[in-house]
Every structure is written in C-alpha cells, then in structure tokens.
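Asker: Right, I'll just put the structure down here and ask away after.
Rule-based calculations on the coordinates, nothing more; no lab input. The model shown is predicted, which means the values in this text are computed figures rather than measured ones. Cβ: placed from backbone, ideal geometry, glycine included. Neighbour counts: every protein chain shown.
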Amino acid sequence: MLKRNVPLHHLNTFGLPASASWFTTISTPTELAALIDTAEWHYLERFILGGGSNLIFTGDFAGLVLHVKIHGMELVREDSDAWIVRAGAGERWHSFVYWTLAHGWLGLENLAFIPGTVGGAPVQNIGAYGIEISERVQCLETVDLKTGKTVIFDRSACQFSYRDSVFKGDAAGRYLINAVVFRLPKLWEPLINHIDVIKELEAMKICNPTARNIADAIVAIRTRKLPDPERFGNAGSFFKNPVVDSATFACLASQYPEMPYYIQPDGMIKLAGGWLIERCGWKGRKFGPVGVYEKQALVLVNCGGASGRDVLALAFAIQKSVQAVFGVKLVHEPVLL
Ligand code: EPU
C-alpha cells in the first residue's frame, strides 16, 4: 500500500520540487481504516494532500503523504427550503460547482474556477466575489487519524474565519476530511457586488443573470486575472488581505486616500494586499526564479525551476517592504510544509 520516495512536483500547483519518504493514495474510508491498523502508521509523521493548490513545499517530507482521492457526488435530500448535497473530498472543486449548477442546485456559482479539491476547500475557507464556502457548508465528515473513528464537524465546529478554519489550526493533521455536505438554499438571489463581476456581465450583455451566467462570468475573470498553473506555477493569493483596526486605517487613509478598503462586520478594516504590494513596486517583478504576477500582485508565480526557498525569499522581501512603507503585516495564505 505504501510507496517510498515519491516525487511531489506534479502534486502541487506551484510546481515545487519535493519528495515524500512515504506515500499512499486514499480512495475510500475503508482503505484508510486498514492503513490505521498498520505498524507504520504509528511511527510516521503524516501530511494530508488534496489538490496541492494552497501548498508550498519548502523541502522534502520525511513522513507519510496521504493523497486523498475519495470520489462521489450525490443529492442527500431535499428539504422544504434547501438542497443538501454531498461530495467526496477528492472531487475537483470546480467540477463539483458546475455539477450542482447543472442540477439546478444553486449557491456555489461565485466560487467557480477555484483550483483544488472539495476536501481542501473548507480547510482554507475558500472565498471569492462576496461569498465564502463556510456560508454553504452544512457539515464535514472526517476520520480522526488518532482513533480511526468518524467525526462529524458541523459548521460551528469548523471555526471558519477569513481563509482559515480549525483544520489549519488546532485540528491540523488530526482529521482527514472524507466528504463535505453542503446546504444550498432554494431561495436564490444573484450575488453581484464585485465590480469585476458587474463589468463582466455588462460585457456579456446579461441583465438578469442566472447562476450559470455568474459562474461563466467568474471563470472569464479568473482566467484573465490569474495565472494558469500549467504555465506559471502558483498557489492563488499568496497573502491574505490584511485586516487592521480603525485607528491604523484612519492614519493610512489620510496618507493614501485612494487606497481600497472594506469595512468588516466587526468594525475592523480589510485592506487590499494586492494594492499595497503593487504600491511598493513589486507587481510584475522577478526575483530569481519566482516573481509577482503582472496582473495580480497578491499572486506569486514560479517562473521556472523555483524551489520553496525561492518562494519564501520573495515572500519575505515583500513582507519587509510592505511593513516598511505602510506599517502593515502581510500574512501568507498557503500551508507551508
Ligand atoms: N488591486 C491592486 N493591485 C493588484 C491587485 C489588486 O491595486 O495587483 C486592488 C484592486 O484594484 C481592488 C482591490 O485591490 O481595488 C482588490 O482586488 P480584487 O478584487 O482583485 O481581489 P483581491 O482582494 O486581490 C481577493 C481574494 C481572491 C478572490 C478575489 C475576488 C484574498 C487573499 N484573495 O483578492 O482569492 O478571487 O478577492 O473576490 O482574499 C485566492 O484566495 O487565491 C484568491 C484568488
């Protein structure tokens, strides 16, 4: 069942070189249960790998990589006010979104074309164009890797916040998500509050968009603005948009009145990391074999042959200059291994 010294280059969208001392694919919860019964299981460090789209390998991994390939998509039930839909963690996120839309189960359209798998999506609470996956998650079915028991996390147990969940914090590495259950309300309204989506629908000459129209518009925007990992390895936004308090914001806004910002429900202010990085002169710049994407400064790209160390060197240089110019700390978004 376990393979030795497996290259991981093709299993991370940044295309970084690394290998796993031990590697296995998990296609069913039964396979996982059998593995938990083996001797190796108890002495190897483990890492759970999904689509590798939010991951930076900083070197080889001396433990066991569990590559989650659990498939299946189904309607669990229809409530009076919602569709309850379940997908295996190994399903490709974007295919799942279009599958729901094809069945008329709406509500995930704004999250179209995000790379990665269904199981990885709640870990980093993917979000785009006005919505986060947390708003649609009913529960997560997981296996506790210590005990082998099934554990269900309802939405509140997931401790979702901006690009974060308990699975990036206290529960990291402990639970393997094998399926995600979504609640898609029947009462549907288009969510069109992002200027790029408004403009794209205008360009498509669509006044009363369907969910499918919105998904198609978002695919077009993302295709234009974000690098294709086949050409330039990347992990999407490398940094989170920083969130500051109102006093810090007032000080910055008086110096930079044109600075974009978003007031959060708790009164804190989210700044646009891409704007800060661009203002520091990084947009489109190369730094050895890595660079800052020319159309979106939050995204770092592999220009060819980069290692995890190269990525970290660039990230650190950017963090230093944003801190020096704006006094704002940028925090990386992907998981570093
Ligand atoms: N901006 C710049 N320069 C840049 C990039 C952005 O000035 O190089 C400005 C834009 O003009 C705009 C503001 O920054 O005024 C925000 O830009 P945008 O709406 O493009 O989104 P973002 O904040 O840069 C976030 C998410 C994206 C998501 C978009 C759209 C994070 C870390 N990133 O980016 O998510 O697609 O909003 O909702 O929150 C991802 O997480 O991988 C990702 C791509």
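Asker: How high is the relative contact order of segment 73-185, in percent, with contacts defined as C-alpha pairs under 8 Å that are six or more residues apart?
Answerer: Relative contact order of segment 73-185: 32 percent.
Asker: Starting from the amide H of Val335, placed 1.01 Å from N in the peptide plane, find each other amide H under 5 Å away whose residue is 5 or more places distant or on another chain.
Answerer: Leu55, Ile56
Asker: In a solvent-free Debye calculation with one equal scatterer on each Cα, what is log10 I(q)/I(0) for segment 25-157 at q = 0.10 Å⁻¹, listed in the order of the q values?
Answerer: Ignoring solvent entirely, the Cα scatterers give -0.37.
Asker: Between Trp41 and Tyr261, what length in nm is gained on full extension when 0.36 nm per residue of separation is reduced by their alpha carbon distance?
Answerer: Fully extending the segment from Trp41 to Tyr261 adds 74.5 nm.
Asker: If you don't mind, there's one more thing I want to ask. What are the principal axis extents of the Cα atoms in the chain, in Å, biggest first?
Answerer: Taking max minus min along each principal axis of the Cα atoms, the chain gives 61, 52, 37 Å.
Asker: Just how large is the dipole of segment 73-185 about the Cα centre, in debye to the nearest 20, putting +1 at every Lys and Arg Cβ and -1 at every Asp and Glu Cβ? Before the final figure, lay out each step's value.
Answerer: On the way: 11 positive and 13 negative charges, 69 e Å.
The calculated dipole for segment 73-185 is roughly 340 debye.
Asker: Calculate for the chain the 222 nm mean residue ellipticity that helices alone would give, adding -39,500 (n - 2.57) per DSSP H run of length 4 or more and normalising by residue count, nearest 500 deg cm²/dmol.
Answerer: It lands at -7500 deg cm²/dmol.
Asker: Label points 7 Å out from Cα along the Cβ direction at Lys146 and Asp228: separation in nm?
Answerer: Taking the two extended label points, one gets 4.6 nm.
Asker: Using unit Cβ charges (K, R positive; D, E negative) and no other charged atoms, how large, in debye to the nearest 20, is the dipole of the chain about its Cα centre?
Answerer: Dipole about the Cα centre, nearest 20: 740 debye.
Asker: Going Cα to Cα from Lys168, which lysines come in below 19 Å? Please leave out same-chain ones fewer than 8 positions away.
Answerer: Here the lysines satisfying the reach criterion relative to Lys168 are Lys146, Lys240.
Asker: Per 10 Å bin, what percent of the C-alpha pairs of segment 3-68 does each bin hold, from zero upward?
Answerer: Whole-percent P(r) values from 0 Å outward: 22, 54, 23, 2.
Asker: List the extent of the Cα atoms of segment 129-271 along each of their three principal axes, largest first, rounded to whole Å.
Answerer: 53, 41, 39
Asker: Using a Förster distance of 41 angstrom, determine the FRET efficiency expected from the C-beta separation of Ala33 and Asn193, and round it to 0.05.
Answerer: Once rounded, the FRET efficiency stands at 0.40.
Asker: Here's something else I'd like to know. Just to confirm my numbers, what's the Cα centroid distance between segment 228-287 and segment 110-154 in Å?
Answerer: Spelled out, the Cα-based centre of one part sits 25 Å from the other.
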